[in-house]
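The block underneath contains the structure these notes are about, expressed in structure tokens.
Every read-out reported here was derived from the displayed coordinates using simple, explicitly stated rules and does not represent laboratory data. Note that the structure is a prediction, hence the values are computed from the model and not measured. Here the Cβ positions follow ideal geometry from the backbone for every residue, glycine too, while neighbour counts run over all protein chains shown.
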Amino acid sequence: MSIVVQKYGGSSVANVTRIRQVADRVMRTRREGHDVVVVVSAMGDTTDELLGLAKQVSPNPDRRELDMLLTAGERISMALLSMAIRDLGGDAISFTGSQSGIITNDRHVDARIIEVRPVRVQDELANGKIVVIAGYQGVSYRREITTLGRGGSDTTAVAMAAALGAEYCEICSDVDGVYTADPRVVPDARRISALSYEETQELAESGAKVLNAQAVEFAKEKGIAIYARAMASPLPGADPSADGTVVRRHPPRMPGTVVGVASERDVLFLTMEREGVSRAKCAPALREPQGTPSDESRSDAFAVQDVLALLDEHRVAGKQLHVRGDQLTLVVSRENLHAEAQLRDALTARFGDTVRVADTLGAISIVGTGINASFDNVRRGWNALRDAGVMIEAATTSSFRISWMIERSKIDDAVRFLHRTFIESATLA
Ligand code: ADP
Ligand code: ASP
Ligand code: MG
């Protein structure tokens, strides 16, 4: 029998009625003749509520204890879903991440999966059971309970699908696939029927919540097909792209096509600028080991590295790092940053006002293969934003993405402008 892994997100298990509907969908999948493994998220806003409780107890909650707390959310869902399936006559058993063999590193709050040893899952499938797994969690080699970062249930599902050699991994949410922009922000956004791993990963990293970036990275590495669908959608038929999004290795599309617009609102923009230090002195130090830097330039380079070391000490992951001489800019997502006050205090204590943390900006991105072959897309996007009166703070490009840092209050408007410029107008052409 082929194995199918299905993941149901928080909205799909938000209440008892929905849990029963999920149980029914799982039973239908089973009746189609598949072995079924189900991965569940915490019910509705449970994870946010648990985080809220933690913050009331401590503004800088301990990361290990946060993991002990947050994993409880998924544990509730797994047990309830398993009961609901049993109530419909199915034979289900639930497992925590640790029981399912999800082994992670020991980086609490945003741990990475190192390996999956799904022995118990395989045994129970062999016994004819439907296995229900708590998403978003694992256990480290030191036997500590860990979580995989916000949105991490997607990662559990894909990692499990890879370890079990599943036919596909279905990610069921409140939207029926990946859209050209968040449909809550852009009413005219369209569902994309097929996406490559690279396009999807870039969209996810740019803030499109519907699929988790690490999950897509896993799927790409292991060649697992992801079917992004709505919980209310029918089971995937002969052509799963007809009523959902299929993410797999796809033949390249026309280079330069923008497939989607994404945004990330909850970010900090960290800048360091050392005044009075000439760039000429700093530059060679950053080119180590080719040159032998003078003591003075060496200490300049270390200043930049000191900031990065402090971020590592506080387990803060940044992106879009840009260093030039004595200047550094970095975007820090707040998603897995739960001790922000502590971080800010540490930065001030160590670097004074040399390091600034702006809390008024957000990132907006367009994504597509080869969109930077010329500067045409950067220029068009820039002009569209400027014509719309959006203040641009910074811009970065990669082979798949153009991102602008802009004022946070204009993010949704900017998404709509860029969607109109790159997607709606392309449809009309
Ligand atoms: P789940 O709880 O099922 O994991 P999430 O809330 O993590 O669901 O992700 C689904 C949400 O992602 C949707 O409700 C939608 O508003 C949002 N979203 C953001 N960008 C996109 C996009 N490009 N396509 C589809 N949905 C998106
Ligand atoms: N419950 C976790 C979260 O809210 C994990 C997930 O839903 O994927 O982030
Ligand atoms: Mg999610």
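Indicate, rounded to the nearest 5 percent, the antiparallel portion of the DSSP beta bridges found entirely in the chain.
Around 60 percent antiparallel, to the nearest 5.
On a full-extension model of 0.36 nm per residue, what is the gain between Thr17 and Ala126, subtracting their alpha-carbon distance, rounded to one decimal in nm?
Fully extending the segment from Thr17 to Ala126 adds 36.3 nm.
Could I have the simple spin-label model distance between Lys319 and Met83, label points 7 Å from Cα toward Cβ, reported in nm to one decimal?
3.8 nm
Would you give the gap between the C-alpha center of the range 182-208 and the C-alpha center of the range 1-28, rounded to a whole Å?
Spelled out, the Cα-based centre of one part sits 23 Å from the other.
List the longest stretch of the chain that has no exposed loop site; here a site is one of the chymotrypsin sites (Phe, Trp or Tyr not before Pro) assigned by DSSP to anything other than H, G, I, E or B, with at most 11 other Cβ within 10 Å.
So the longest stretch without any such site is 142-374.
To test your reading of the geometry: what angle, between 0 and 90 degrees and rounded to tens, separates the Cα axis of helix 340-351 from the longest principal axis of the chain?
The angle comes out near 20 degrees.
Quick check: the angle from helix 16-31's long axis to the longest principal axis of the chain, C-alpha only, nearest 10 degrees?
The angle comes out at about 70 degrees.
Can I get the semi-axes of the chain's equivalent ellipsoid? Compute them from the C-alpha gyration tensor as square roots of 5 times the eigenvalues, in angstrom, largest first.
Over the Cα atoms of the chain, the ellipsoid semi-axes are 39, 27, 19 Å.
Could you check the simple spin-label distance between Ser374 and Ser2, using points 7 Å along Cα→Cβ, in nm with one decimal?
Label at Ser374, label at Ser2, 4.4 nm between them.
Give the separation of the Cα centroids, the range 69-133 to the range 141-171, in Å.
10 Å
If R₀ is 22 angstrom, what is the calculated FRET efficiency for the pair Ala426 and His250, using the beta carbon separation as r and rounding to 0.05?
With a Förster radius of 22 Å, E is 0.75.
Just to be sure I understand: of the beta bridges DSSP finds with both ends in the range 40-172, what percent are antiparallel, rounded to 5?
50 percent
Please name whichever of Leu80, Gly52, Tyr197 sits farthest to the positive end of the charge dipole of the chain, dipole taken about the Cα centre and charges placed at Cβ: Lys and Arg +1, Asp and Glu -1.
Among Leu80, Gly52, Tyr197, the one farthest towards the positive end of the dipole of the chain is Tyr197.
Counting Lys and Arg as +1 and Asp and Glu as -1, each charge on the Cβ, what is the dipole of the range 348-429 about the Cα centre in debye, to the nearest 20?
Value, rounded to 20: 120 debye.
Over the range 41-174, calculate the relative contact order: mean separation of alpha carbon pairs under 8 Å at least 6 apart, over the residue count, as a percent.
24 percent
How far is it, in nm, from the label point at Asp62 to the one at Asp266 when both lie 7 Å from their Cα along the line to the Cβ?
Output for this residue pair reads 2.4 nm.
Compute the angle between helix 46-57 and the longest alpha-carbon principal axis of the chain, please, reported from 0 to 90 degrees and rounded to the nearest 10.
Around 50 degrees separate the two axes.
Give Lys220/Lys319; Lys7/Lys220; Lys209/Lys410; Lys7/Lys209; Lys55/Lys410 a once-over and call out the pairs whose C-alpha atoms are over 24 Å from each other.
Checking Cα-Cα distances, Lys55/Lys410 exceed 24 Å.
So, with +1 on the Cβ of K and R and -1 on the Cβ of D and E, and no other charges, what is the size of the charge dipole of the range 9-86 about its Cα centre, to the nearest 20 debye?
380 debye
Set the Förster distance to 22 Å, then compute FRET efficiency between Trp382 and Ala358 from the Cβ-Cβ distance, nearest 0.05.
About 0.60, to the nearest 0.05.
To the nearest 20 debye, what charge dipole does the chain have about its Cα centre, counting +1 at the Cβ of each Lys and Arg and -1 at the Cβ of each Asp and Glu?
580 debye
Setting aside same-chain residues fewer than 8 positions from Lys222, which aspartates and glutamates have a Cα under 18 Å from its Cα?
The reachable aspartates and glutamates, counting only those whose Cα sits under 18 Å from Lys222, are Glu115, Asp154, Glu167, Glu170, Glu198, Glu199, Glu202.
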